[in-house]
Amino acid sequence: MLIYWFRKRSSKGERKDSKPDSTDAGGASPSRRWTILLSISLLIPVFFETLDYTVVATAQVHIASAFNRLDLQSWIGTAYLLTSTVFLPLFASIADIWGRHSALQVALLLFMTGSAISTGSQNMVTMLAGRGVAGIGAAGQMTVSIVD
């Protein structure tokens, strides 16, 4: 979907009689290389967000038992998913108002901050707060990467 948007946007300024892009030594045009680089750059935050949720969902029983709070085990995943669901529309608006680059940078900062809080937590409440902040950042990563 992102590649389609990029092609559609880049083809608006082209004229029918214009000559094609010059190619480099590898045979790929600069616009093709840019499309590949952009796609990879946007896939990295999505990969980290998905990896974070998958790893924590698998290990949440061990995490809760380390804090001796098995009664709050389900909240480890719930705090993350709840905040990411709530903040999806907000990050879409932020991306429209201030631009995608700024929104993605804020999302990455929030995701890293939340992950750091979760990693250094000494009790379950701090762990859940960190998962919530990481969920806010994850919402921004998913929204900005998929905005059409």
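The values are calculated or read from the model by the stated rules, or taken from the named source; none is laboratory data. What you are looking at is a predicted structure, and each value in this text was computed from that prediction instead of being measured. For neighbour counting, all protein chains shown are included, and Cβ atoms are generated from backbone atoms with ideal geometry for every residue, glycine included.
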* **Members of the range 42-78 that are hydrophobic (A, V, I, L, M, F, W, C) and closer than 12 Å to Met124 by Cα** => Ile63, Ala64, Ala66, Phe67, Leu70, Leu72, Trp75, Ile76
* **Checking Lys16 against (1) charged (D, E, K, R); (2) at pLDDT 90 or above; (3) surrounded by fewer than 17 Cβ atoms within 10 Å (Cβ to Cβ), the condition it does not meet** => (2)
* **In the range 103-148, the residues that are surrounded by fewer than 17 Cβ atoms within 10 Å (Cβ to Cβ), outside any loop (DSSP other than H, G, I, E, B) and among the polar types (S, T, N, Q)** => Gln105, Thr113, Thr119, Thr126
* Conditions (1) surrounded by fewer than 12 Cβ atoms within 10 Å (Cβ to Cβ); (2) modelled with pLDDT of 90 or more: number failed by Ser41 -> (2)
* Structure fact -> Only one of Thr54, Thr78, Thr35 is in a helix (DSSP H, G or I), modelled with pLDDT of 90 or more and among the polar types (S, T, N, Q), namely Thr78
